[in-house]
Amino acid sequence: MTIVTPVPGTTRTAVRAVVTRDDAQVVLLDTPGLGRPRTPMASRMNQLVRDTWASVDAVALLVDAEAGVGSGDEYLVRELAGVGTPVVTVVNKTDALPSERLLPVLERVAALTDAAPFADVVPVSALAGDNVDRLLDVLVTHLPEAPRLFAAGRVSDQPEAQLAAEVVREKVIADLRDELPHSVAVTVDAVEPDASRDDLVHIDAVIHVERASQKGIIIGRGGERLKAAASAARVELEGLLGARVHLTTHVRLAKDWQRDPKQLGRLGL
């Protein structure tokens, strides 16, 4: 599972999702975006992206049709031009535009990606599910024959602790603004079944911030902001884990963790 927020840079690690069909198994890796390496964490994320490009069978370049083709898309096209891995350009949010506005976007994408390694352009709407099956068909054409990596029915390789940490982080940063979301990291030491109840799971999450002043922002007046985030996370985790969840949250200071390689390691980044 990949968390989704309006904040750029939300994704920090490569998350695998597995789609198994009768004829193929597609393992999708959601990576962070490629950005300016202003901190050690950003440098690590950029290296993760480049390492992923070099190790996969195909790269999917995602373009937001509603936003149009921007300088960021042009930058990624230039960067991907030398990877040697087939690139499938996916134009998402086609449902958000009428055809007379969508067509120029598709023409611009086609003009940008008219040489190797750019192999295909596939317009889709992830929200409506439009053309998603076609996208999978195209991706399968770029896969080599090989044994399946995951058992049928497996949809992700995320450990439960990582899944819980990401869900908590999503809820905590959902209404934060400016740079604060980038200063938040979440760790979960363990996901423990209750010793006396089969339908109850205990999760202890720690929310790390870079400055002492940020603790109060995360917690909110009377603890209301943290309570609301924890409640939303608990509800989502109960659906994902198929059990009742007892979730405890703590906010701790990890001063300037984005710039500290040792702390990045401890935070799993």
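The values are calculated or read from the model by the stated rules, or taken from the named source; none is laboratory data. Bear in mind the structure is a predicted one, so any value in this text is a computation, not a measurement. Here the Cβ is made from the backbone with ideal geometry for all residues, glycine too, and neighbour counts use every protein chain on show.
Structural remarks
- The numbered conditions (1) under 30 Å from ARG38 (Cβ atoms); (2) in contact with a Ser or Thr (Cβ under 7 Å, 6 or more places away or on another chain) are all true for ASP204 except (1).
- Members of the stretch 202-216 found to be in contact (Cβ under 8 Å) with a residue 40 or more places away in the chain, surrounded by fewer than 16 Cβ atoms within 10 Å (Cβ to Cβ) and under 14 Å from LEU176 (Cβ atoms), listed by number: ARG211
- Hey, GLN258 surrounded by 15 or more Cβ atoms within 10 Å (Cβ to Cβ), more than 20 Å from GLN158 (Cβ to Cβ), in contact with a Pro (Cβ under 8 Å, 6 or more places away or on another chain) and of a type in the set (S, T, N, Q) or not: yes
- Of all the numbered requirements in (1) surrounded by 15 or more Cβ atoms within 10 Å (Cβ to Cβ); (2) acidic (Asp, Glu); (3) out of contact with any Leu (no Cβ under 9 Å at 6 or more places or on another chain), ASP95 misses one, and that requirement is (3).
- Residue satisfying all of: in the stretch 1-29; modelled with pLDDT of 85 or more and assigned to a loop (DSSP other than H, G, I, E, B); surrounded by the fewest Cβ atoms within 10 Å (Cβ to Cβ) among these: ASP22
- Only one of the listed residues (PRO104, PRO32) is free of Cβ contacts under 8 Å to residues at least 24 places away in the same chain and either buried (at least 19 other Cβ atoms within 10 Å of the Cβ) or not assigned by TED's automatic domain parsing to the domain that holds LEU136 (or both). That residue is PRO32.
- Just one of the listed residues (VAL235, VAL155) is aliphatic (A, V, I, L, M), free of Cβ contacts under 8 Å to residues at least 24 places away in the same chain and out of contact with any Gly (no Cβ under 8 Å at 6 or more places or on another chain), namely VAL235.
- The requirement of being over 15 Å from ALA161 (Cβ atoms) and of a type outside the set (Phe, Trp, Tyr) is fulfilled somewhere in the stretch 187-195, by at least one residue.
- Count - residues of the stretch 161-201 that are surrounded by fewer than 14 Cβ atoms within 10 Å (Cβ to Cβ) and within 22 Å of GLY35 (Cβ to Cβ): 3
- Being farther than 30 Å from ASN46 by Cα and among the hydroxyl-bearing types (Ser, Thr, Tyr) is a condition met by at least one residue of the stretch 229-238.
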